[in-house]
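The values are calculated or read from the model by the stated rules, or taken from the named source; none is laboratory data. The shown structure was predicted, so the numbers you read here are calculated from the model rather than taken from an experiment. Here the Cβ positions follow ideal geometry from the backbone for every residue, glycine too, while neighbour counts run over all protein chains shown.
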Amino acid sequence: MFSNYIKSTLRNLAWHKGFTLINIAGLALGLTACLLIGLFVYDELQYDKFLPEGEQVYRVYNQQTGEEGGDFIASVPPMFATTLEDNFPEVEATARILMLTFSNNSLVEVGEKQLYEKGMFLVDPSFFEIFQLNFKYGSPEKALDDPSSIVISDEFAERVFGDIDPVGKEVNINKSTLLVKGVFESNAKLHLPVNFILPMDAAQIPAERMKNWGWQQFYTYVKLKKGADPDFVLSKFRNIVKQQRDPEQNKPHNYLPFFQPLEEVYLYSSAFKYDQNLKGNITYVKALGIIAVFILLIACFNFVNLATAKSMQRAKEVGVRKAIGASRGQLMVQFLLETILLTLISVVFAAALTSLLLPSLNEFAGKSMSFNVFTDPAYLLLLVGLTLVVGLLAGIYPAMVLSGFQPVRVLKSAVVVDSKVGKIQWLRHGLIVVQFALSIFLIISAMVVYKQVSYLHTKDLGFDKDQIMFFSMRGDNMFGNYETFKSELRKGPGIQNVAIGYGFPGDATAGDRVIVPKNGERVHQSATLLMIDFDYINTLNVQTVAGRPFSREYKTDADHAFMINETAVKDLGFGTAEKALGQTLLWPTWDNQDSVKEGKIIGVVKDFHVSSLYDKVEPTVLQIYPGANIKVAVKMDAENIAGAIAHVKEVWGKFSPDYPIEYIFMDDNFAKMYTAEDKLKSLLTIFTGIAIFVACLGLFGLAAYAAERRKKEIGIRKVLGAETSSIVTLLSKDFLKLVLVAAIIAFPLAWYAMGKWLEDFAYRIDIPIWVFILAGAVAGLLAFLTISFQAVRAATANPVNNLRMD
């Protein structure tokens, strides 16, 4: 019996070659898209899952409270870890990681090798108690007890030492000699981008400084004992934090601590400030997952429509089979077997396409995903399950339709009286509506994402970021003679201006507080601090809207002057830019927190963006502060960039010959901020195209079904003189109505979904009406072209053949 099913199935698939080819193409393409998206989503969900006892680990973060907003801050004070360790028996261990605000790469020297490396972490000795990484060489025990020790990753070790055990060997990091105590195995699924680890003692931070409740520069992790209630610990911890008061205003700090489960750190931290770790975006992961479901549904619906389109051509086969004794159950098994076999062929093609396209996806996404069904049984089981699920999902309805034909009716006449099927014709039409509603939804989403990403790259940021070479200063000679260094740089061909400071757009900035004296009180205000020099404003072409920029002609500008932006005018309560001029500001200096710099506001600059458009422009204070001069921005002529770069390298060699120069252009630095959005735009465009193509295949099937069902009507109309155009209109109008219904369904859903996505951006586009009109028009045009192919084919057929009785 089963062998007969197989023979019959193969015969029918071979007999209907066009039907089989279209079905395999639609299913294989849809399944390929689902597999690629599924691999990507699964990979994103694996971060930090490999760590033993990771379910007991939490990252401590702050949320800003009060009138200033609800920003999430990834870095916290050093006292958080100390307090948790000393006051809570539920805590097994805590570990702090010093957030290196200056974000310089580290110069690594081993023998003759000299290279810059990212990923230097200063950590507490308890780091490896929480992050239980496997060691290739050495041991985590006491590896961080000595301030001159270093633990490195195996990838880093191979780059600098080659294929040997480096434990006990020396490595120079930023001209300091350290001894390698261990080598841990790198894992791409760790959210910490760590290359080498130094003990916290290597930073030589004063003990009093580590007792500070306001210095928020540490990533802090806490590991609770098994069975401990994190909510209970957090509640008690918050009570302690609230007792820490501002020393001048006697008010609690306006930050509320939270515990973030380790497995959520990577995907749920996209909105966190001062977070330099690897970050995904759960919104994008969910969106891609939904798109995969959409494409799978469209592919299944496409099969249903194509199968029902062919149902009448197989009506007599059903009638003969029933007349000789076949039961409906046997026929359903036959037709389901056909569907499952066709799905199996599609899955095989999809697996081959996935293997072929995965290297390109890995390169595009910066991943190392694998898909080998021969070495990983899980993938084989996945494909088998996919075959059965998709086969049953796509085949159950056509099997019920085909097995339900009445043998008397189909054998009496050439025309199948599709009465029973006609009663549920709305289902087939409903499938087309759903397919195109999903397709229109994706078209709108793709266009909105494209417009927002274009806006991110082209919005006026309030300063000139083009042709600006940007690099860090290195070496004592350069730091000690930075004015001479600047002067030498300006002498070069093609160099317009040079600025030195800390707090350039697109780079690390300082979050601090300033004090505004008002009515005998001192009002504290959080602000972004930009430590600049006299040439910063002109180099970046930042616009001054009131007062004047810093000038060397005014001796007090260096020590007793501030500039602020327009947002600070409002937030500091000055009313207007003109009224802000001459107002007094105070700032507790970094050199000594007991020392306060007092100065007047001499100018107000137009708001400009120092970070991505995810973040609002914050109140910003600019000041001359040579102690923070660590970065250099060189403005160049567009016509002579090569000559300017060569001159910068030459001057660099004079001032810092022991360090190689490492630079980037500021516009490239800003472009990197939106890498995730650029990738989303590309992926959404590709998968939207796939969804539309597969949906059109389904419409093609329904159009073929309609043309087949109405072929005698078309023949009569042709005999009576009907034009081809009128027949095309006759067959097209009903389907275009379905597309219109689909658009009506898709428009509000897309408007809501994309509106929610845009809320993540502080600066965003308004969704224009024309996006919806264009999406509907594109879907309608594609539908019309798809239908017209079948309609023209039916209209140009010989009417005698259509009217002849079979």
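Residues in the range 533-554 include none that are in contact with a strand residue (DSSP E or B) (Cβ under 6 Å, 6 or more places away or on another chain), buried (at least 17 other Cβ atoms within 10 Å of the Cβ), assigned to a strand (DSSP E or B) and of a type in the set (S, T, Y). For the range 349-393, the set of residues classified as surrounded by 15 or more Cβ atoms within 10 Å (Cβ to Cβ), modelled with pLDDT of 90 or more and closer than 23 Å to F303 by Cβ consists of F349, A350, A351, L353, T354, L357, listed by residue number. Residues that are within 20 Å of I73 (Cβ to Cβ) number at least 1 in the following strands (runs of 3 or more DSSP E) confined to the range 488-532: 510-518, 521-532. Residues in the range 255-275 that are touching a Lys or Arg at 6+ places or on another chain (Cβ under 7 Å) and in a strand (DSSP E or B): 3 in all.
To keep it simple, each residue is scored yes or no on (1) out of contact with any Leu (no Cβ under 8 Å at 6 or more places or on another chain); (2) closer than 22 Å to S682 by Cα; (3) assigned to a helix (DSSP H, G or I); (4) not polar (S, T, N, Q).
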residue	(1), (2), (3), (4)
V333	yes, no, yes, yes
E363	yes, yes, yes, yes
M369	no, yes, no, yes
Y379	yes, no, yes, yes
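Listed conditions (1) in a helix (DSSP H, G or I); (2) surrounded by fewer than 19 Cβ atoms within 10 Å (Cβ to Cβ) are all met by D464, apart from (1). Restricting T177, T94 to those that are surrounded by 19 or more Cβ atoms within 10 Å (Cβ to Cβ), assigned to a strand (DSSP E or B) and of a type in the set (S, T, N, Q) reduces the list to T94. Look through K242, K251 and report the one residue that is modelled with pLDDT of 80 or more and among the basic types (K, R). Only one candidate qualifies: K242. Every residue in the range 759-774 that is among the aliphatic types (A, V, I, L, M) and modelled with pLDDT of 90 or more, please. I765, I767, I769, V771, I773, L774, listed by residue number. Just so you know, in the range 180-226 the residues that are over 34 Å from the mean Cα position of the chain (by Cα) and among the polar types (S, T, N, Q) include one that is nearest to V76 (Cα to Cα), and it is N212. Of all residue pairs spaced 6 or more apart or on separate chains, those with beta-carbon atoms under 9 Å, a first member in the range 43-62 that is basic (K, R) and a second member that is assigned to a loop (DSSP other than H, G, I, E, B) and modelled with pLDDT under 95 are K49/K189; R59/A74; R59/S269. Scanning the range 636-645 for residues that are surrounded by 14 or more Cβ atoms within 10 Å (Cβ to Cβ) and assigned to a helix (DSSP H, G or I) returns N640, I641, G643, A644, I645.
Annotation note: of V569, V648, V610, V632, the sole residue that is surrounded by 14 or more Cβ atoms within 10 Å (Cβ to Cβ), in a strand (DSSP E or B) and not small (G, A, S) is V632.
Scanning the range 587-608 for residues that are out of contact with any Leu (no Cβ under 8 Å at 6 or more places or on another chain), closer than 22 Å to R552 by Cα and at pLDDT below 90 turns up just one, T589.
Results for (1) touching a helix residue (DSSP H, G or I) at 6+ places or on another chain (Cβ under 9 Å); (2) within 30 Å of V453 (Cβ to Cβ), shown as yes or no for each residue.
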position	(1), (2)
A558	yes, no
A561	no, no
A568	yes, yes
T576	yes, no
I602	yes, no
P619	yes, yes
G627	no, no
M636	yes, yes
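In the range 651-691, the qualifying residues are those that are part of a loop (DSSP other than H, G, I, E, B) and not small (G, A, S), and the one that is farthest from V108 (Cα to Cα) is Y674. Among residues of the range 62-112 being at pLDDT below 90 and of a type in the set (F, W, Y), the one that is nearest to D201 (Cα to Cα) is F102. Going by the conditions given, is A143 in a loop (DSSP other than H, G, I, E, B), closer than 23 Å to K367 by Cα and touching a residue at least 24 places away in the same chain (Cβ under 8 Å)? Answer is no for this residue.
For I500, indicate whether it is within 24 Å of M673 (Cβ to Cβ), crowded, with 18+ Cβ neighbours inside 10 Å and of a type in the set (A, V, I, L, M). It is true that I500 is within 24 Å of M673 (Cβ to Cβ), crowded, with 18+ Cβ neighbours inside 10 Å and of a type in the set (A, V, I, L, M).
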